[in-house]
1. Take the residues in the stretch 98-122 that are acidic (Asp, Glu) and either without any contact (Cβ under 8 Å) to a residue 24 or more places away in the chain or over 18 Å from residue 496 (Cα atoms) (or both); name whichever of them is nearest to ligand 1 (Cβ to nearest atom).
2. Say whether the condition of being farther than 30 Å from residue 238 by Cα, crowded, with 19+ Cβ neighbours inside 10 Å and outside the structural domain of residue 659 (by TED's automatic domain parsing) is met by at least one residue in the stretch 412-431.
3. Could you grab me the full set of residues in the stretch 183-197 that are more than 10 Å from the chain's Cα centre (by Cα), within 13 Å of ligand 3 (Cβ to nearest atom) and not in a helix (DSSP H, G or I)?
4. Return yes or no: is residue 641 among the β-branched types (Val, Ile, Thr), within 24 Å of the chain's Cα centre (by Cα), within 16 Å of ligand 2 (Cβ to nearest atom) and in a loop (DSSP other than H, G, I, E, B)?
5. Considering only residues of the stretch 153-177 that are within 19 Å of the chain's Cα centre (by Cα) and closer than 16 Å to residue 432 by Cα, which is nearest to ligand 3 (Cβ to nearest atom)?
6. What residue, of 495, 453, 464, is at pLDDT 95 or above and more than 15 Å from ligand 2 (Cβ to nearest atom)?
7. Can you find, within the stretch 440-487, the residue that is surrounded by the fewest Cβ atoms within 10 Å (Cβ to Cβ) among those that are within 16 Å of ligand 1 (Cβ to nearest atom) and assigned to a loop (DSSP other than H, G, I, E, B)?
8. Looking at residue 180, is it more than 16 Å from ligand 3 (Cβ to nearest atom), charged (D, E, K, R) and surrounded by 24 or more Cβ atoms within 10 Å (Cβ to Cβ)?
Amino acid sequence: MAEHERSGEPQGPRTGAPEKSSVGVHGITETVKYAREEMGPVRGVRTLLALNQVDGFDCPSCAWGDPPPGERKHAEFCENGAKAVAWEATRKRVDAAFFAAHPIAELRERDGHWLESQGRLTEPMHRAPGATHYAPITWDRALRLTADRLREMEDPNRAVFYTSGRTSNEAAFVYQLLARRLGTNNLPDCSNMCHESSGAALSETIGVGKGVVTLEDITDHADLIMVVGQNPGTCHPRMLTALEQAKRRGAKIIAVNPLPEAGFGRFHNPQNVRGLAGPGTQLTDRHLPIRINGDLAFFAGLCKALLADEEAAPGSVLDRDFIDRYCDGFEQAAEAWRALDWARIQELSGLSRRAIEYTAADGMNAANVIVCWAMGLTQHRNAVPTIREIVNFLLLRGNIGRPGAGPAPIRGHSNVQGDRTMGIWEKMPDAFLDKLRDEFGFDPPRAHGLDTVDSIRAMRDGKVEVFFALGGNFAAATPDTTVTEQALANCKLTVHVATKLNRTHLCVDGGEALLLPCLGRTERDLQDGVDRFVTVEDSMAMVHASRGKLLPGSPQLRSEVAIVTALGRELFGDALGWSAMGRDYSVIRRHIEHVVPGFHSFEARVAQPGGFMLPRGPHDSRTFPTATGKARFIVNPITAVEVPAGRLLLTTVRSHDQFNTTVYGYGDRYRGVKGGRRVVFLNDHDLHDLGLADGDLVDLVSDYPDGERRAPGFRATRYPTPRGCAATYFPEANVLVPLDSTAEISNTPNSKSVIIRIEPAHAPTR
Ligand SMILES: Nc1nc2c(c(=O)[nH]1)N[C@H]1C(S)=C(S)[C@@H](COP(=O)(O)OP(=O)(O)OC[C@H]3O[C@@H](n4cnc5c(=O)[nH]c(N)nc54)[C@H](O)[C@@H]3O)O[C@H]1N2
Ligand SMILES: Nc1nc2c(c(=O)[nH]1)N[C@H]1C(S)=C(S)[C@@H](COP(=O)(O)OP(=O)(O)OC[C@H]3O[C@@H](n4cnc5c(=O)[nH]c(N)nc54)[C@H](O)[C@@H]3O)O[C@H]1N2
Ligand SMILES: [Mo]
């Protein structure tokens, strides 16, 4: 069978020209169509209007920040947020009858889109050892089974507790409490594959592992905004509105990206009539088509250019006062930039010296500079040095600790940042663990736990008995799909708290599996007869409440908090107060207040419209809690992945019609792709060198020292990528990423730089 048939793609992709503008009428039509199909007309509109409103629920899509309460639009959402909501609030159901009709082996033949399209999970399901089907189980039995398996383990480190970033602060807090009470720090999360590199680089250099820029910094104060390795038109659409506001004030916007994404072109603001009908706003002033993984060399080049100008006219470029008072390491860094060779910078970045010097001049002419980035930077071998070099660039002109300036890692999942704040991390610092001990009266384990990649290794090697996932799609999101699926199947018990069926739930072999259906963001959460709310933290460190509005998809659904606290009580009895926490989330918030810095008067402050902002030391007061108490220049020798002759460097990206592993549809409107996803974007010259024509069917093959991996049946597509650079979609390409190919320091899989070769398709096709 051809790969596109097996995958469920309708007839294989067709491709046309990429779009040069974003949003607009097309986007609105799509939104309404989706909402109506999944939720029905009335429920659909009512649901969308509650999105991101002060008394509504937080959008389950990205982590972009909300405008202040008074400035919110009646419809404060984007096309992709609306899809995420419609997908969750669908009327379709996956119930016991569904599982009786479909053996697990059959479901494994389906692709991710088909699985999630079947609808919401409605009741707890159990797959007994060796059984061919999932069968219903009661909540009580499911929780007892889980507790029994966890108790039977000889060592608590034989359990792994994974979190995906949609989990609320309250659920995350009780979840990490449960894992640590059991005695393990094995708390991997999606952040390990996402902004871990940003956290590592920022903690080392400015002392805080997250961004320090607010929405107002972007809209009202920045003079230059660099958007690096990020596709806001698709992944953070409401950011375009903020960029438009900045643009109208006269700010300059520069995109650094191997692909000419539609969001960099004209923007038609869907929230005002002029935006829809008129020519739109040209958002970016310049697009630098950087070579994949060329960013470290590029930022080093910017620093070199600034330094050279300063040395030609001392006192004219650098903020010496800031550097002397607040930073260390400047002299060593300067020495390294002086020694850099422009030819090497150009070779690694794929950009001309002129383009880099122009950009440096923009940096000099701007009073305030913000650098935003996302996955285009974090998922490479040298991701941490690259982000440290961004900090160097900002420090040179004091672009941190004043309005309109600073580093801005743009977060992915809607609460991925909050989960970290709540202690979801395999290596939380001792200060946090001390507070946890004092609050709950037990000594949490101190040895670091397993992150995502190390968890896969441990499962592969038979060292894990219980894998518990609070959301997410571990098998599809992680690298080396074949290895990971087998690793999951090696576990004695896997437990999945989920809203929808996905690939991970089907990775079973000899062991047992539980599927525990939970409430989504959109749904009312009634505990003890009272509507409860949860809280989240966005990319700009704003903490606010989220209240579901819809009737739950099934009476059997439980909230994530209720599930975790019930398991806590089953495991340990009620000494820590699990029942009270599960009944009333303000009890959890009181604990958070005592354990997590910045959460004083939590309950009162989160009741204010719009919530409150966590302290951001570097931004508010130029305090840098690093090892030396100063912001740190670090010397980052320039590197880039070396690509052998005849090979290409492949990056894996998201389409406009997916949220991570959730594929809403087979297309990518902005990149001109229709009816499929098995597409590989190639430069015209590379196509020619490979002897391929646009539209040919090819296999993607990665070969690393530990073996060859193949992703079959992709349509070669001519696209304006830099020479030697290819792009395709995540998660189809994850099978190509070796487990051992990870970033230094952060251990994030190198999903944005995979060395591949291209072969004519092996499998016979029609
Ligand atoms: N609609 C939608 N929204 C989402 C998501 C989604 O899947 N769908 N996912 C959410 C999550 S969890 C996250 S983390 C974010 C992800 O948000 P993004 O990081 O914007 O998403 P990606 O598609 O991974 O895009 C990476 C961008 O980096 C570019 N790029 C690739 N390699 C390089 C490189 O080497 N250098 C540079 N400079 N650029 C490069 C790609 O061309 C692409 O434009 O979005 C969040 N929001
Ligand atoms: N090649 C490659 N791989 C990547 C990336 C890449 O760019 N390229 N990006 C990485 C990144 S940035 C990330 S963040 C990870 C994402 O990794 P994950 O967070 O693990 O994956 P998602 O696809 O977001 O998870 C989707 C599933 O979550 C469940 N779900 C949805 N809503 C809820 C809810 O409210 N509660 C619960 N309990 N479950 C829910 C549904 O069952 C759904 O199937 O993937 C990473 N993998
Ligand atoms: Mo992410």
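The values are calculated or read from the model by the stated rules, or taken from the named source; none is laboratory data. Because the structure is a prediction, the values reported are computed rather than measured. Note that we place each Cβ from the backbone using ideal geometry, even for glycine, and neighbour counts take in every protein chain shown.
1. 111
2. Checked against the condition, which is being farther than 30 Å from residue 238 by Cα, crowded, with 19+ Cβ neighbours inside 10 Å and outside the structural domain of residue 659 (by TED's automatic domain parsing), the stretch 412-431 yields at least one hit.
3. Across the stretch 183-197, the qualifying residue is only 189.
4. Details: among the β-branched types (Val, Ile, Thr): yes; within 24 Å of the chain's Cα centre (by Cα): yes; within 16 Å of ligand 2 (Cβ to nearest atom): yes; in a loop (DSSP other than H, G, I, E, B): yes.
Yes, satisfied.
5. 172
6. Working: 495 fails: more than 15 Å from ligand 2 (Cβ to nearest atom); 453 fails: more than 15 Å from ligand 2 (Cβ to nearest atom).
After applying the criteria, what remains is 464.
7. Among residues in the stretch 440-487 that are within 16 Å of ligand 1 (Cβ to nearest atom) and assigned to a loop (DSSP other than H, G, I, E, B), the one surrounded by the fewest Cβ atoms within 10 Å (Cβ to Cβ) is 471.
8. Yes; evaluated as a whole, the condition is true for this residue.
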